[in-house]
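Only the coordinates and a few stated rules stand behind these numbers; no lab work does. Computed from a prediction, not measured in an experiment: that's the story for all the values here. With ideal geometry, Cβ positions are generated from the backbone for all residues, glycine too; neighbour counts draw on all protein chains shown.
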Amino acid sequence: MNSQSSPSLRQALTPSDNDSSPERKALLAEIDASCRRPVLFMFANGLLWLMAGTALALLTSYKMHSPNFLADWSWLTFGRVRPAHLNTMVYGFASQVAIGVAIWLMCRLGRVPFMQGGLVVGATIFWNIGVTVGIVGILAGDSTSIEWLEMPGYAAYILFIAYALIAIWAIIAFRFRRERHLYVSQWYLLAALFWFPWLYSAANMMLVIDPVRGTVQGAVNWWFAHNVLGLWFTPIGLAAIYYFIPKVIGRPIHSYFLSTLGFWSLALFYNWAGIHHLIGGPMPAWLITVSVVASMMMIIPVVTVAINHHMTMVGHFKKLKYSPTLRFIVFGAMSYTVVSLQGSSMAIRSLNEVTHFTHYTIAHAHLGVYAFFTMVMFGSMYYIVPRLALREWPSARLISIHFWTTALGILLYVVPLSVGGVLQGLAMNNPDIPFLKTVELTKPYLVTRTFAGILMTVGHTVFAVNFVWILARRRKAYQPPVPFIAAGLQQEAGAQLGKDI
Amino acid sequence: MNPPSNPPPAPKLDPHEDHELHDVMQIHTAILRREKAEPQEGLEPMPIWLAALFGALLLWGGYYLGRYNGGFKALVFDEKSSGLPIMAAKPPGSVDMVVLGKRTYTAMCAPCHQETGLGLPGQFPPLAGSDWVNTAGHARLVRIVLNGLTGPMEVNGQPFNNSMPPWRDSITDEQVAAVLTYVRQSWGNKAPGVPIDDVKVIRDKTKERANQPWTADLLKATPESE
């Protein structure tokens, strides 16, 4: 922490000049304007990939219980559609939106406008070309068959270079920040911006470009796949939560000390945890044991962060009613706690023996990437987009539909599939049950998942419509914000209306 | 932190944005006016029970690492073993005698005595059912393998007069023990195995013969067990 010339910690932590001063507000306006083109461009592309990924997801889910559906065309066979879904979501949607949010947060927190927006738009086009090449490559049968790195090697080069060209400007924005105090979100963002290229280049080097031999591949693969969640999506998600909860409710984050502990324990433990995916595999026992311990140690950052967020929210839960941002963010924050504790438990050997190789793992992955990360990104976009587009969200109803379909959709996805996964695992461990029986047993849960998928598809479509609408709308001099919930209108005083959007 | 008396100049905005700036300010203030201050940090202390929980976790972590590290050996895959018994039972470099015996036989003996152990009538005597092989002691057999055998002899009443080359310089004690154990226990032979140490003793005892082959008579003169 920067504490030069600071008489006390409290003063060091409190930005000295008043945020409500007109100069400050003008600076914020300037920052938003500078982020406008690159960040909105990333969001727009991200949403396009979200729609494509959603279509692929539905197809994949449907094939799980009706395997003959569209199985004649090699491009749409399960083995290609499924990795295509994962890669569109991870590299096309989630990473792209994450970078957009990271750029905006970096500039806001550093009180510095974004430089070279035009160049970054160019690099973003390059990134999207990379994703397109990669997805078409997978569908054409050129997949590497390495989980989370299915994109063929040639696409990986494009993505890496594009990432470097984009991320460097976020880091430069950090370097030239005018606010010397570092807020907790900035630690996470800065770390993530360095962690991702490290993970991605190391894993591609060791698995795709110049593959290591034998079971070491498995170790590298899970080190990467697990860390993409923990050292790329998680820190950016947490950075957003740390920013938006206090921002929307207008109250400082509970404890600086908890923030510090949470950040450093994540940085210390997460990197070790990935090999628990190989429990029972031909790996030296100590390697897996270390990983199990590290997974359990993740309870430290998770509980710390959960307390920090919860104690900040306490007394402000009624704001969830009016602020879509807060609603999505808090949903995401709660999911983070649940998914992380669940993840730690899944590393325990005796439990892992049941849940490994079952749908339980899939449910867990979606609880993490969707219920936590994606929901947080939705929430962030609800806050950021109006400030960049300079218009209010056109329809509060669409926002509401978006929230309920996705929130209920993901619950309907995760809960039944987890139950199905455990039953499946128990059946597979029982030598008296023939394998085909264990497959048939999962069918109702797989059908439920397709319904959940349809719900989420509705949510995504509605969000995309609202997004296109807000961009396409004619800009008027000033429109009052749409209140999130009509009922709130009557209850709150006029001045309060939609204040917390 | 002192208020920035002369803040660094703002980077120049993109010229395309400039004409919009007025617009931006006007509309943006509406959104910005209702926006709360940028987030800050509170200074609540860490709850003590949390520290206790984390202490307990670390303790557990240490225990688990010690208990299930498989002796911290790269080749131990069973987390419950300490790694040591496995290492002791099978010192590095030790091999399966049956596998080694068969492999040695195929490489060194089968060309003459055949894979079946039946030999070739009139040329190479059989090892299967041989009255030379199925003996209580193994001293003569070790000598045959080390130095070879030449001149007239009888195997199961059949006469042979050929010669078998010496192996002394190209075979290890372990291989001799393995191959003879294999020979004595295959194709229906049921004689006891040959320990490595005995081979070593006989190799030392017959050092001065160098590579000079035995004759059947000379062997008959040495006791079966020495």
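A few notes on this one:
- B:S163-B:V95 FRET efficiency (beta carbon distance; Förster radius 41 Å; 0.05 resolution): 0.85
- Listed peptides A:76-82, A:440-446 by packing density, highest first (mean Cβ within 10 Å): A:76-82, A:440-446
- Extension gain for the segment A:V439 to A:S400, taken as residue separation times 0.36 nm less the Cα-Cα distance, is 10.3 nm to one decimal.
- Three-way shape label, the stretch A:165-319, alpha-carbon gyration tensor, a/c 1.5: oblate
- Taking amide H atoms as placed 1.01 Å from N in the peptide plane, the amide H of B:E41 lies under 5 Å from those of A:I253, each 5 or more residues away in sequence or on another chain.
- 5 angstrom amide H check on B:G151, placed H, neighbours 5+ away: B:N162
- Rounded if a/c under 1.5, otherwise prolate or oblate - the stretch B:125-206, Cα gyration tensor axes: oblate
- Value of [θ]222 nm, deg cm²/dmol, for the protein assembly as shown, DSSP H segments ≥ 4, -39500 (n - 2.57) each, nearest 500: -19500 deg cm²/dmol
- Using the average count of surrounding beta-carbon atoms within 10 Å as a protection proxy, the listed peptides A:417-424, A:235-242, A:62-69 rank, highest first, as A:235-242, A:417-424, A:62-69.
- 10 Å Cβ neighbours from other chains, averaged over peptide B:58-66: 3
- Highest average packing first - A:150-157, A:280-287, Cβ atoms within 10 Å: A:150-157, A:280-287
- Inter-chain neighbour count for B:72-79: the average number of beta-carbon atoms from partner chains within 10 Å of each residue's beta-carbon is 5.
- Degrees between helix A:256-269 axis and first principal axis of chain A (Cα, 0 to 90, nearest 10): 30 degrees
- Its alpha carbons considered, the stretch B:72-221 gives a radius of gyration followed by a Dmax of 18.0, 61 Å.
- Folded to 0 to 90 degrees: helix A:216-228 orientation relative to chain A principal axis, Cα: 30 degrees
- Modelled FRET efficiency - R0 22 Å, B:A110 with B:S170, Cβ distances, 0.05 increments: 0.90
- Whether the protein assembly as shown is rounded, prolate or oblate, judged on the alpha carbon gyration tensor where a/c under 1.5 counts as rounded: prolate
- Basic side chains Lys and Arg get +1 at the Cβ, acidic Asp and Glu get -1 at the Cβ, and with that the dipole of the protein assembly as shown about its Cα centre reaches some 1840 debye.
- Under Karplus coefficients 6.51, -1.76 and 1.60, residue-wise ³J(HN,Hα) of the stretch A:158-171 in Hz, glycine/proline x: 4, 4, 5, 5, 4, 4, 4, 5, 7, 5, 4, 6, 5, 6
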